[in-house]
Amino acid sequence: MKYVLVIPDGCADEPQAELGGKTPLQAAHIPHMNTIVLQGILGRTDTVPASMPSGSDVGTMSLFGYDPLVYHTGRAPLEAAAQGIELGPHDWAIRCNFVTITKDNMASFTASQLPNDVGEELVGLLQEMTANDAQWEFHQGVSYRNLLVYRAQNAEDQPFGSGTSTTPPHDLTDQTVLQDLPSGKGSELLLDLMERSKKLFLKSDKNQKRADGQPAATQIWLWGQGSRPALKPFQEQFGKSGAVITAVDLLRGLGSLLGWDIIEVEGATGYTDTDYAAKGRAAIETLEKSDFVVVHVEATDEASHEGEVQEKVKALENIDEHIVGPVHDYLRQQGEYRILVCPDHPTILRTKTHSHGYVPFGICGTQVRPDQAKCYDEITASDSNLLLPKGHQLMPFFFGTLTK
């Protein structure tokens, strides 16, 4: 039996006036996702516990069958794993965004998709800035996404803890940042680095005079801190080999910690210009050697964060045409299979932020008895009696006998 999970990141949303009162899922032409529902079942699940911040770190951990209330220690440690950064038992990883803040407002949490070469120069300057304190390490990621690691000498040398509070910058788009600066244990260290970065970024000509003509990054924004998580390998948990196709370090890191193969795809960008067809082809190739393949697409989430309604619809249509359709066709030809489509959390166009709440999932394949649903969308799913209140219940349900 072959299994596939397609994650259109943050695709669940509200009805949009621009779409005639329809959600993006309802407005998009997604015949292949609808076919999954027609031939299978439609339900709802809640991937993010109410007590936790909504994000892909929590949501995807739930989707993969691990209770985030038990296993989640923070977002940054997952991204550290993706970069092959080993964390000691007392070390902390912290997400480091390059952002553009104008008059105390978060103008861009991506620094207008900062080019990698500019990011490389800024990371070098930051490392020089902290050269006299060997406990700090800056690590370049992709574009605006970077990491900061604190190397603790022992258990007592840990400046952060459960009382340390930070806010994801993508939750602050077009809003003031003054009420959401780091607070609690160790926050003074984070605030100091953030403040010092402001003058540092003015020294970079590449940043101030960007080749793409976009505004400069004005500073770093530190968030998502956490220590090394302890996750049981997926093979031991579910008895299946796994692989993940993604352009996002968070998913690469989580997959690595679960013992999955990490499939790199040329042209996968983590943005709306990603090569959807290449991801679809890679999924089919990977299925020849893996029991379970995850295809994650960030484009729908990015469109939401930018408030771009039509871009979100277009991204959904591309996922449907170039990933869901070809992969489902292949699965039907090769033998027994199941395919699941489910976002990791809602991302609301109106607020440009992640949200809590139920998301729709569709499953079809071997031994899946069809229900009465005909469309894959939030509104249709709200009428379904198939309800999984805890997101981590979905994976064993998907692999199991499909009874509840």
#### Entry: Residue ranges of helices (runs of 4 or more DSSP H) in the range 283-372 with at least 1 members within 19 Å of the chain's Cα centre (by Cα) and farther than 20 Å from MET1 by Cα
299-305, 309-319
#### Entry: Residue in the range 15-50 that is farthest from the chain's Cα centre (by Cα), counting only those that are in a loop (DSSP other than H, G, I, E, B) and surrounded by fewer than 17 Cβ atoms within 10 Å (Cβ to Cβ)
GLY20
### Query
Any residue at all in the range 76-89 that is touching a strand residue (DSSP E or B) at 6+ places or on another chain (Cβ under 9 Å) and of a type in the set (D, E, K, R)?
yes
### Task
Looking at (1) modelled with pLDDT under 95; (2) open to solvent by less than 10 Å² (accessible area, probe 1.4 Å); (3) touching a Gly at 6+ places or on another chain (Cβ under 8 Å), find the lone condition where LEU331 falls short.
(1)
### Query
Does GLU188 satisfy the criteria of being in a helix (DSSP H, G or I), over 21 Å from GLN214 (Cα atoms), at pLDDT below 95 and open to solvent by 60 Å² or more (accessible area, probe 1.4 Å)?
no
### Message
Checking the conditions here, which among GLY119, GLY163 is free of Cβ contacts under 8 Å to residues at least 40 places away in the same chain and closer than 26 Å to ASP301 by Cα?
### Response
GLY119
### Query
Do we have ILE85 as assigned to a loop (DSSP other than H, G, I, E, B) and open to solvent by less than 60 Å² (accessible area, probe 1.4 Å) here?
yes
### Message
Considering only the range 302-317, I want to know if a residue exists there that is open to solvent by less than 10 Å² (accessible area, probe 1.4 Å) and polar (S, T, N, Q).
### Response
yes
### Query
Just one of GLN140, GLN135, GLN113 is within 19 Å of SER227 (Cβ to Cβ), of a type in the set (S, T, N, Q) and open to solvent by 10 Å² or more (accessible area, probe 1.4 Å); which is it?
GLN135
### Task
Answer with yes or no whether MET106 is among the hydrophobic types (A, V, I, L, M, F, W, C) and part of a loop (DSSP other than H, G, I, E, B).
no
### Message
Against the condition part of a loop (DSSP other than H, G, I, E, B), farther than 30 Å from ASP205 by Cα and touching a residue at least 40 places away in the same chain (Cβ under 8 Å), how does GLY74 come out, does it pass?
### Response
yes
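The values are calculated or read from the model by the stated rules, or taken from the named source; none is laboratory data. Treat the numbers as computed from the prediction; the structure is a model and nothing was measured. So basically every Cβ, Gly included, is an ideal-geometry build from the backbone, and we count neighbours across all protein chains shown. Remember, those area values only see protein heavy atoms, side chains included, never the ligands or the DNA or RNA. Shrake-Rupley method; radii C 1.70, N 1.55, O 1.52, S 1.80 Å.
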